[in-house]
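What follows is a short report on a single structure.
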Amino acid sequence: MSDNQIWYRYNPDRALTDAEREVMAKGYPGGLLNEHRHHSNNTHFVIDGSIIIGKSRDGEMRFRPQAVLPYNYVNLPRGVDYMGTAGEGGCIFVEGHKVLSPATAARFFERKTIVEVKEGEGMEGAFPAVEHK
């Protein structure tokens, strides 16, 4: 590990919040995934229901939206604006990030979603927070 690089891993001891439990149970029926972007490549893997995800501009889905059904996924490159709409039955998905930005890492750390990995601790599953170059 580099002396100035901070590494994180997901916190296995963190309990879900009431809001997170509700989302897990209901899956946001007809819900909107607002336009946003991520610092690194990310993947949406649908567990239940469906979602239409597409690249967007100015709050409108404009570029080849695609339906994602259970046990399927969509990969999105870093820095690309995108949005989505859940199907009528809702959608439960897992979103994976290859790297977190320092701002996102700080937010997840504050929520106790991730924990810092110290020198000498297990590095399995650890990831850095890095700035775009």
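For Ser40, the accessible area of its heavy atoms, probed at 1.4 Å with every protein chain present, is near 10 square angstrom. Figure note: Tyr73, Tyr8, Tyr82 ranked by solvent-accessible area, largest first, 1.4 Å probe, ligands and nucleic acids not counted: Tyr73, Tyr8, Tyr82.
Taking only protein heavy atoms and a 1.4 Å probe, the accessible area of the range 7-128 is 53% carbon and sulfur. Taken over the range 7-128, the convex hull of the Cα atoms encloses 113 Å³ per residue. For the range 49-91, the gyration tensor built on C-alpha atoms gives an oblate shape. Its axis ratio a/c (a ≥ b ≥ c) is at least 1.5, and a/b is not larger than b/c.
The values are calculated or read from the model by the stated rules, or taken from the named source; none is laboratory data. Note that the structure is predicted; figures quoted are calculated from it, not measured. Calculation scope for accessible area: heavy atoms of the full protein, side chains included, ligands and nucleic acids excluded. Shrake-Rupley method; radii C 1.70, N 1.55, O 1.52, S 1.80 Å.
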